[in-house]
1. Fewest first, what order do Tyr83, Tyr46 take by the number of other Cβ atoms within 10 Å?
2. Could you give the nm distance between label points at Asn126 and Arg212, where each point is 7 Å from its Cα heading toward the beta carbon?
3. I need the Kirkwood Rh of the range 83-217: take the reciprocal of the average 1/r across all distinct C-alpha pairs and report it in angstrom.
4. Considering lysine pairs in the chain that are 8 or more places apart or on different chains, how many have Cα atoms under 23 Å apart?
5. Normalised by the number of residues in the chain, what is the relative contact order in percent for Cα pairs under 8 Å and 6+ residues apart?
6. Ile154 to Phe24: FRET efficiency via 1/(1 + (r/R0)^6), r the Cβ-Cβ distance, R0 35 Å, to the nearest 0.05?
7. If exposed trypsin sites (Lys or Arg not before Pro) are those in a DSSP loop with at most 16 other Cβ within 10 Å, what is the longest stretch of the chain that has none?
8. How large is log10 I(q)/I(0) at q = 0.13 Å⁻¹ when the Debye formula is applied to the Cα atoms of the range 116-158, each weighted equally and without solvent?
Amino acid sequence: MAGMTFALFLWFPFSNNIFQVSFFLAIIILFALGIMDDLKDLSARYKFIIQIALASLIALSGVRITSFQGLFGIEELPLFTQYSFTIIAIVGITNAFNLIDGIDGLAGGLGFMSLMVLGVFLVLSNDNSGALIAFALAGGMLAFLYFNFNPARIFMGDTGSLVLGFIIAVLGIRLMQANLIAAKPILTHAPMFVLGVVLIPVFDAVRVFAIRIWNGESPFTPGKIHIHHLLTNAGFGHSAAAKLMYCLHGFILMEAFWLQQVKEEITLLFLTVFMLMIIAVFRNIDVLLKKPAFSFLRSLLKIE
C-alpha cells in the first residue's frame, strides 16, 4: 500500500474527478477495514456491508459493467442490472483474493501477474490513469513478495488481500469500459479476458462455497479444500505449490488472450472445463506422483 501510494504521488495526475475521489476514498476505507479485521477479527456480515457500500460507490462514480459485449447474445445491460453485476463482481473478486491467500506468496504472485497484464492492456486501451494504478500496485507487490516467498517473513493478511482484490476488480471493469468505447478495440471479448485475469481465485471461491453449501455448512466455514490446499495436502511445499499455481495462471492468461477470436461462449466453456480438469488432477496428484515415471518430478518439487 505504501509503495503504491508513494509511486502514485510521484506520477499520478490527481484531480477532483468523481471516479478518482470515490476510488481512493474506497481504498482508504477498505485498508482501514482490513487492519481492523486483522486485529479484531470482524464478522463476515459487517465486512460484506462495508464492501457492498464501497462497490456501490465505485458503480455510482461511473465504473460499471455496462455490457456483456455479445456474451449469450447480450449487449448493453439495463441500468439496474449494471449496478447489480458491478457490485457482485467487485465484492466477489475482492473476497476471492482474500480466500486464495492461504499459502506463502500465492495471492501476491497471482495479483502481481494480474496487475501487470491489466496495466499493459489499459495502456493499449488508452486508459493511462488506470494503468498507473496497476503498475504502482504491481511494484509494491513485487517488493512485498521478496519477503513473502516461503519461508515468509511478512504476510498481507486481510488488509492486503482485500485491497488487492478490490483494485484488480475495479481495473478489470475499467478495461472492459475502455475496450467498449475504443475506436479500434484491443480485445474482441474483453469480459472473457478479464474473467481469465481473475479466474483462479474466483473459480476456487465459487467451488469452495458450493461444496460447503451442498454439505449444509456455512460458506465461510474454515477448511482446507481450496485449490492450493489440494497441493499442500498432497505433500507440496508452499514454494512448489505457489510456483505451480503461477504457471497455471500464466497459461490461463495466455489462453484468455489467444481465444479472443473464438466465440465468447466457447471461451467460457473452455475456461470452465479447464479449471474442472485442473481440480480433478490436483485432487489425485499425490497418486499420480507416486508412479515411478514421475519420481523425478517428485524429487524436483521436493514433495514429501
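Any read-out appearing in this document is the output of simple, stated calculations on the displayed coordinates, not a laboratory observation. Quick caveat, the model's predicted, so the values are computed rather than measured. Please note: Cβ atoms are built from the backbone with ideal geometry, for glycine as well, and neighbour counts cover all protein chains shown.
1. Tyr46, Tyr83
2. Each label point lies 7 Å from its Cα, and together they span 4.4 nm.
3. 15.3
4. 11
5. For the chain, the relative contact order is 21 percent.
6. 0.90
7. 1-152
8. With no solvent term, the Cα-only Debye profile gives -0.36.
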